[in-house]
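The values are calculated or read from the model by the stated rules, or taken from the named source; none is laboratory data. If you're wondering where the values come from, they're calculated on a predicted model, not measured in any experiment. Because the Cβ atoms are built from the backbone with ideal geometry, glycine has one as well, and the counts that use them run over all protein chains shown. These accessible areas exclude ligands, DNA and RNA; they are computed on the full protein's heavy atoms, side chains included. Shrake-Rupley method; radii C 1.70, N 1.55, O 1.52, S 1.80 Å.
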Amino acid sequence: MEPKVGSSNLPSCTKKWKNKKKFKPSKELPSGFIDRQEKELLIRDFVISNIKEVMIKYGFQYLETPSFEYTDSIGKFLPDKERPGEGVFSFEDENRWISLRYDLTAPLARYVAKNYNEIPKPFKRYQLGTVWRNEKPGPGRYREFLQFDADYVGTNNLQADAELCILISEILERCGLDKSDYIVNVSSRKFTDNLFKKLNIISDEQKTTTLRALDKIERLGWIEVQKLLGEGRKDKSGDYTKGANLKNDQIKIIEKALKNNEPDTEDVLEIINIFNAYNFKNYKFDPSIIRGLEYYTGPIFEVNLKFDVKNLKGQNIQFGSIGGGGRYDNLVSNFGNLDYPATGISIGLDRLVFALMQKKDFKFKSTRPIVICVFDKNNTKQYVEILNKLREANISSEIYPGEGKLKKQMEYANKIQSPGVIFYGDDEIKKAEVKFRNLKTGEEISVKIENLANEIKKFI
RNA sequence: GCACGAGUAGCUCAGUUGGUUAGAGCAGCGGUUUGUGGAACCGAAGGUCGGCAGUUCGAAUCUGCCCUCGUGUACCA
């Protein structure tokens, strides 16, 4: 992008100097970045704790890699070779380009290549971390989000692939979803490879366009996808997408292959056998799932929610999958090490949390403090005495942190959804009693200091 | 990236043949009540009308460019 010359496009830092008095820092956030509030964070914590338990149960190691990597460590393997470097946040650091990671798989490949001699083989690791993508945000999609990844590195055994699907299901169900709320779709890159042979498609461009079109079946339906396989399609905003230019008889072959809906590649058949051995049933063979175009080499999976998701305005939105993965046998060998097959799966945690918030009414124990009202600052010592009693009993509590009348203090307590307030003014101090007002019921009790913690515990 | 829509007080929004000093509800602040929240009443305050330029005697309103948000679409590791 060329910087424009002229006062209207001066960067804000320049404006600041030009007009010191008027300058106000922006309260807006950069596009695609958001603040996250307690409710969402608590549900996210809940999801994370489920993930960790399941991962330990399945025998995975916990790993953390840094946010930044050298751009060529992760960038050279960008599947979209048409515009390398785009889509990631990068800057030059001491003459070398570094980038914020855009997923956890590329850093894993780098980690494995770097620690090739030390790691167990096969290597099973899981990772939770923020990733960044420099692209247009969409409904429930931001430019910074939390991802969970579980990978098996160094094994061709398809039991690994099957277990990934099973463990992800276990995580979802622990988080409160029913079997009817989600489905694990399974396919294989080999299915489309076979299809291309049948169709006699050799050109990479046509392959890519065809795959992209097939990927849209769930969202657009077969009729629209047919247009994308043929000449092209105009969407309802009037935008036109060029198609793959397949001939009608070729499209018919694809239609037949999709309708058949029976897995005909050995890898998928074997995975299904393993699913049976585990008595895992919540999957479907779906040849229309595509995933990363040049990245995956074998089985691929995608987890989709089956309920409607709404945005903040209450409109239903195209939510897409909440996770997926597959087998990527070339990623580690790109670093020069020997062939090292791998398979992995990931969940977009923020999107899962967004959907969970709508599906389930989560009730958490109050995290809000009991508020000790301040009648007279000279009595701080007495207030601290009460405060310590509560905090020693592990009860969230605070002395009113502001200034002002009792009414104001009550309004504050109400606003933060405090379970109750404590009155310890002159009257109570004389009687050596504490008054506790339950803010939910309005009920008020007087108790001796030594019984206070136990009495309050009954209410929270 | 492309297309369509939107941007007016902290929030939700009124505000058209362009016309004085830009409105309301809620929230916030002060008071009625200096020891009791969620209710009521009263009062004051709050705005570069997203930004910059243009047309005009006069622009929230018309035009252009830009920014941001939303939705779809493209791309998606």
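Suppose we keep only residues that are of a type in the set (Gly, Ala, Ser) and at negative phi within the range A:86-109. Which one would you say is nearest to the chain's Cα centre (by Cα)?
Step one: list which residues in the range A:86-109 are of a type in the set (Gly, Ala, Ser), which gives A:87, A:90, A:99, A:106, A:109.
Pick out the ones that are also at negative phi and you get A:90, A:99, A:106, A:109.
Values: A:Ser90: 22, A:Ser99: 20, A:Ala106: 17, A:Ala109: 21 Å.
Ranking the candidates gives A:Ala106 first.
Restricting to the range A:82-108, and then to whatever is open to solvent by 40 Å² or more (accessible area, probe 1.4 Å) and aromatic (Phe, Trp, Tyr), can you tell me which residue is nearest to A:Arg44 (Cα to Cα)? Ranking the candidates gives A:Phe89 first.
Checking each residue in the range A:248-279 for being more than 30 Å from the chain's Cα centre (by Cα), closer than 13 Å to A:Val186 by Cβ and of a type in the set (Val, Ile, Thr) picks out only A:Thr265. Within the range A:120-148, being charged (D, E, K, R), more than 12 Å from RNA strand B (Cβ to nearest atom) and in a loop (DSSP other than H, G, I, E, B) holds for one residue alone: A:Lys121.
Using the structure shown, decide if A:Ile290 is within 16 Å of RNA strand B (Cβ to nearest atom), open to solvent by 50 Å² or more (accessible area, probe 1.4 Å) and either in a loop (DSSP other than H, G, I, E, B) or more than 26 Å from A:Asp204 (Cβ to Cβ) (or both). Spelling it out, it is not the case that A:Ile290 is within 16 Å of RNA strand B (Cβ to nearest atom), open to solvent by 50 Å² or more (accessible area, probe 1.4 Å) and either in a loop (DSSP other than H, G, I, E, B) or more than 26 Å from A:Asp204 (Cβ to Cβ) (or both).
Would the range A:224-247 turn up any residue that is touching a helix residue (DSSP H, G or I) at 6+ places or on another chain (Cβ under 7 Å), modelled with pLDDT under 90, surrounded by 17 or more Cβ atoms within 10 Å (Cβ to Cβ) and closer than 22 Å to A:Phe319 by Cβ? Checking the range A:224-247: at least one residue is touching a helix residue (DSSP H, G or I) at 6+ places or on another chain (Cβ under 7 Å), modelled with pLDDT under 90, surrounded by 17 or more Cβ atoms within 10 Å (Cβ to Cβ) and closer than 22 Å to A:Phe319 by Cβ.
Confirm whether A:Tyr111 is crowded, with 18+ Cβ neighbours inside 10 Å, modelled with pLDDT of 90 or more, among the aromatic types (Phe, Trp, Tyr) and away from RNA strand B (no atom under 11 Å from the Cβ).
Details: crowded, with 18+ Cβ neighbours inside 10 Å: yes; modelled with pLDDT of 90 or more: yes; among the aromatic types (Phe, Trp, Tyr): yes; away from RNA strand B (no atom under 11 Å from the Cβ): yes.
Here the answer is yes, as A:Tyr111 does meet what is asked.
Pairs meeting the criteria (first residue in the range A:417-442 and without any contact (Cβ under 8 Å) to a residue 24 or more places away in the chain, second residue assigned to a loop (DSSP other than H, G, I, E, B), beta carbons under 6 Å, at least 6 apart or on different chains) are A:Asn438/A:Phe459.
Filter the range A:403-421 down to the residues that are polar (S, T, N, Q) and open to solvent by 40 Å² or more (accessible area, probe 1.4 Å) and list them by number. Working first, answer last.
Step one: of the range A:403-421, the residues polar (S, T, N, Q) are A:409, A:414, A:417-418.
Listed by number, the residues that qualify are A:Asn414, A:Gln417.
Given the criteria assigned to a loop (DSSP other than H, G, I, E, B) and at pLDDT 90 or above, does A:Asp103 qualify? The answer is yes for A:Asp103.
Go through the range A:371-398 and give me each residue that's in contact with a Gly (Cβ under 9 Å, 6 or more places away or on another chain) and over 16 Å from A:Ile456 (Cα atoms). So that I can check it myself, show each step before the final result.
Residues of the range A:371-398 that are in contact with a Gly (Cβ under 9 Å, 6 or more places away or on another chain), as a first pass: A:371, A:373-376, A:379.
A:Val374, A:Phe375, A:Asp376, A:Asn379, listed by residue number.
Looking across the range A:293-303, not a single residue is away from RNA strand B (no atom under 14 Å from the Cβ) and at pLDDT below 90.
In the range A:427-439, what residues are open to solvent by 70 Å² or more (accessible area, probe 1.4 Å) and more than 6 Å from RNA strand B (Cβ to nearest atom)?
We begin by selecting, within the range A:427-439, every residue open to solvent by 70 Å² or more (accessible area, probe 1.4 Å); these are A:427, A:430-431, A:437.
Within the range A:427-439, A:Lys430, A:Lys431 meet the criteria.
Open to solvent by less than 40 Å² (accessible area, probe 1.4 Å), in the same structural domain as A:Asp286 (by TED's automatic domain parsing) and charged (D, E, K, R): is that true of A:Asp161 in this structure? Taking the combined requirement at face value, the residue satisfies it.
Considering only residues in the range A:59-74 that are in a loop (DSSP other than H, G, I, E, B) and within 14 Å of A:Thr105 (Cα to Cα), the one that is most open to solvent (accessible area, probe 1.4 Å) turns out to be A:Glu64.
Residue by residue through the range A:196-242, note down the ones that are aromatic (Phe, Trp, Tyr) and more than 10 Å from RNA strand B (Cβ to nearest atom). Break it down stepwise before answering.
So in the range A:196-242, the residues aromatic (Phe, Trp, Tyr) come out as A:196, A:222, A:240.
Hits for the range A:196-242 are A:Phe196, A:Trp222.
The residues of the range A:368-385 that are within 11 Å of RNA strand B (Cβ to nearest atom) and surrounded by 13 or more Cβ atoms within 10 Å (Cβ to Cβ), listed by number, are A:Val371, A:Cys373, A:Val374, A:Phe375, A:Asn379. Within the option set A:Tyr400, A:Tyr424, being surrounded by 12 or more Cβ atoms within 10 Å (Cβ to Cβ) and more than 10 Å from RNA strand B (Cβ to nearest atom) holds for one residue only, A:Tyr400.
Annotation: A:Asp361 fulfils all but one of (1) farther than 30 Å from A:Gly323 by Cα; (2) under 35 Å from the mean Cα position of the chain (by Cα); the unmet one is (1). When restricted to residues that are over 24 Å from A:Ala355 (Cβ atoms), in contact with a Ser or Thr (Cβ under 9 Å, 6 or more places away or on another chain) and of a type outside the set (A, V, I, L, M), the range A:125-155 contains 3.
With the range A:216-282 as the region, which helices (runs of 4 or more DSSP H) entirely inside it contain at least 3 residues that are touching a residue at least 40 places away in the same chain (Cβ under 8 Å)?
Passing ranges, in order: A:217-220, A:248-260, A:266-277.
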